[in-house]
Amino acid sequence: MSHVNKAGTFTLGARRVTRLGYGAMQLAGAGVFGPPKDRKAALAVLREAVASGVDHIDTSDFYGPHITNQLIREALHPYPKNLVIVTKIGARRGEDKSWIPSFSREELTQAVHDNLRNLGLDVLEVVNLRSMFGIHGPAEGSIEAPLTVLADLQRQGLVRHIGLSNVTAAQIAEGRRICEVVCVQNLYNLAHRSDDALIDDLARDGTAYVPFFPLGGFTPLQSAALSDVAKELGATPMQVALAWLLQRAPNILLIPGTSSAEHLRQNIAAAGLELPGDMVTVLDQIATNSAPA
């Protein structure tokens, strides 16, 4: 059994996927903009991820922009039958590398067609609508208008399933009145746990929760407690952080990203790491201790 399979599986849309996937964001250049500094290495990481049993890749056409989807197509097309590619729309990139809300009917429709073309697909398995009311975290605001556009594209057969990203509980409730929501993708990790109650609610509903920046993102997780647990287990701090997420709730799907084959192997090995209860208790305190006073 590969390490990936040790993570178990969960339902994503109409498919059952292994809970340890791969996030493609870091395959683009610095600042998620422009081409990778090593294109061959980027293609190799994608191929190794799939060869290792990963069957769930998270991407977006605004990574690069267009770069990560074109790399995925070059590396993996024609795609294995079991591979689920999840993308997201709702933003575009400025020439200054900024992230700009892109919520009009025309922009959202164009984004779906851009994803289809660059990935080489006739239909997108899962598309997340990313709320842009807050750049650094969810903020309230109605998502009815953009989500209605995405639901229209779903009815046209261009999108099979819809998820939401960077959203509040109220926005999820609003979204469910418009279409089925198969996954929620928000910022969550050992140190940032504001979605604790939401994760448990979604688990009861059988809805997947996909934490982005599971390892801290642009400011990697650093904690003496995390380092101590990792040392005791003979693992890396990042492996422990991923293992904690897998044990946190059965509906959590992980999409750690990397452009390094070595880091990919370390991330995948985290699926085989079991954290004893006393260590989980120690790790659970990190969010409390790192919260601003």
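The values are calculated or read from the model by the stated rules, or taken from the named source; none is laboratory data. None of these values were measured; they are calculated from a predicted model. Cβ: placed from backbone, ideal geometry, glycine included. Neighbour counts: every protein chain shown.
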Candidate set: segment 236-264, residues that are out of contact with any helix residue (DSSP H, G or I) (no Cβ under 8 Å at 6 or more places or on another chain) and touching a residue at least 60 places away in the same chain (Cβ under 8 Å); chosen: the one surrounded by the fewest Cβ atoms within 10 Å (Cβ to Cβ): Ile255
Ile85 vs. criteria modelled with pLDDT of 95 or more and part of a helix (DSSP H, G or I): no
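Is there a residue in segment 68-78 that is in a loop (DSSP other than H, G, I, E, B), over 26 Å from Gly175 (Cβ atoms), among the charged types (D, E, K, R) and at pLDDT 95 or above? Step through it out loud before you land on a result.
Initially, segment 68-78 is screened for residues in a loop (DSSP other than H, G, I, E, B), giving 77-78.
Filter again for over 26 Å from Gly175 (Cβ atoms), leaving 77-78.
Filter once more, keeping what is among the charged types (D, E, K, R): none.
No; the residues of segment 68-78 include none that is in a loop (DSSP other than H, G, I, E, B), over 26 Å from Gly175 (Cβ atoms), among the charged types (D, E, K, R) and at pLDDT 95 or above.
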Residue within segment 123-134 that is exposed (fewer than 14 other Cβ atoms within 10 Å of the Cβ) and either at pLDDT 95 or above or within 22 Å of Thr11 (Cβ to Cβ) (or both) present: yes
Pairs with Cβ under 8 Å, 6+ apart, first in segment 143-170 and surrounded by fewer than 21 Cβ atoms within 10 Å (Cβ to Cβ) and at pLDDT 95 or above, second in a strand (DSSP E or B) and acidic (Asp, Glu): Arg160/Glu125
Residue that is more than 26 Å from Arg130 (Cβ to Cβ) and surrounded by fewer than 21 Cβ atoms within 10 Å (Cβ to Cβ), where the choices are Leu198, Leu233, Leu226: Leu233
Qualifying residue in segment 1-18 (condition: of a type in the set (S, T, N, Q), in contact with a Gly (Cβ under 6 Å, 6 or more places away or on another chain), assigned to a loop (DSSP other than H, G, I, E, B) and within 30 Å of Leu275 (Cα to Cα)): yes
Given (1) aliphatic (A, V, I, L, M); (2) within 17 Å of Leu264 (Cβ to Cβ); (3) in contact (Cβ under 8 Å) with a residue 60 or more places away in the chain, index of the condition Leu226 fails: (2)
Filter result (in contact with a strand residue (DSSP E or B) (Cβ under 9 Å, 6 or more places away or on another chain), surrounded by 14 or more Cβ atoms within 10 Å (Cβ to Cβ) and farther than 16 Å from Pro146 by Cα) within segment 83-117: Leu83, Val84, Ile85, Val86, Arg93, Trp99, Asp114, Asn115, Leu116
Answer from Val84, Val112, Val45 - the residue that is over 23 Å from Ile162 (Cα atoms) and in contact (Cβ under 8 Å) with a residue 12 or more places away in the chain: Val45
Number of the exception - Asp58 against (1) buried (at least 23 other Cβ atoms within 10 Å of the Cβ); (2) touching a residue at least 60 places away in the same chain (Cβ under 8 Å); (3) out of contact with any Leu (no Cβ under 7 Å at 6 or more places or on another chain); (4) more than 28 Å from Val4 (Cα to Cα): (4)
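In segment 19-41, what residues are assigned to a helix (DSSP H, G or I) and surrounded by fewer than 23 Cβ atoms within 10 Å (Cβ to Cβ)?
Met25, Gln26, Ala30, Gly31, Val32, Arg39, Lys40, Ala41
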Hits in segment 201-223 - residues which are surrounded by 18 or more Cβ atoms within 10 Å (Cβ to Cβ), touching a Pro at 6+ places or on another chain (Cβ under 9 Å) and either hydrophobic (A, V, I, L, M, F, W, C) or within 22 Å of Ala24 (Cα to Cα) (or both): Pro214, Leu215, Leu221
